[in-house]
Amino acid sequence: MENKREQTVVVYEMYPSIQGESSWAGIPCYFIRLTGCPLRCRWCDTEYAFSGGQPMSIPEVVSSAVDSAIDLVQVTGGEPLAQLHCPTLCQTLVDSGKTVLIETAGAHPIDVLPPEVIRIMDLKCPGSGEMDRNLWSNIDHLNQRDEVKFVIADRNDFEWARDVVREHNLSDRVRSVLFSPIFDELEPRNLVEWILEEKLQVRFQLQLHKFVWEPTHTGV
């Protein structure tokens, strides 16, 4: 059986920053970005991570996170769950004492992850072009520590997300339901007004890192 030292993940980049999204926004966070994603969302802002990177052993990756001395770690991509050994990486990070977040598109099963991992699942709205990739059975595995994100392009996306939230009672099922406007495409104020009109119990969010640094800047 392959041990952790032999297991590898392909890492595009690792870096300290602030968490730019979710209910953890603004908190120092160490990011581990894995290479590759089978989805092609129209608004994707990490296309650069679809390829490249380098194979690293799980102990190497975890050692880098531990050396950062930052308590919060996020495993992201690309789509991190597209890599076979991502769950083992997450478990090893948990075992090292880190609070571990994972951002996933929800197109892969999330129940392969350790129960301590906080899952931020990005359900794909119609405007993404990848709505058919949503794995709806994942909703049954969400808990009060998890979060669900909707990236919204227009009113149609908003109404679709609103209906999903209500149909699956997401506001009671998870810690936070996140509504995020596509940067430089949907006017943030419009999304706020729609949320208030519909009296939705969701969290409006902007991508903080795109205001601190240039929106196209990587490694932040």
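All of the numbers you see were taken from the coordinates with simple rules; none came from a lab. These numbers were taken from a predicted model, which means no experiment stands behind them. Virtual Cβ from ideal backbone geometry, glycine too; neighbours counted across all protein chains shown.
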In whole angstrom, the spacing between the Cα centers of the stretch 98-113 and the stretch 65-88 equals 10
Neighbour cut-off at most 16 other Cβ (10 Å), DSSP loop, chymotrypsin sites (Phe, Trp or Tyr not before Pro), the stretch 1-99: Trp43
Over the chain, the sum of -39500 (n - 2.57) across DSSP H runs of at least four, divided by residue number and rounded to 500 deg cm²/dmol, gives at 222 nm -6500 deg cm²/dmol
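Over all directions, how big on average is the projection of the convex hull of the alpha-carbon atoms in the chain, in square nanometres?
11.4
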Computed magnitude of the charge dipole of the chain (debye, nearest 20; Cβ of K, R +1, Cβ of D, E -1): 240
Suppose the Debye formula is applied to equal point scatterers at every Cα of the stretch 80-194; what is log10 I(q)/I(0) at q = 0.15 Å⁻¹? -0.67
Hey, fewest Cβ within 10 Å first, where do Leu93, Leu72 land in order? Leu72, Leu93
Taking the chain as a Gaussian network, where each spring joins two C-alpha atoms under 10 Å apart, which residue of Ile152, Ile102, Ile182 fluctuates the most? Ile182
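Number of Lys-Lys pairs in the chain under 18 Å by Cα, sequence gap 8 or more or different chains?
Taking the Cα cut-off of 18 Å, the pair count is 4.
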Charges at C-beta only: +1 for Lys and Arg, -1 for Asp and Glu. How large is the resulting dipole of the stretch 49-113 about its Cα centre, in Debye rounded to 20? 60
Gap separating the Cα centres of the stretch 159-205 and the stretch 37-53, nearest whole Å: 24
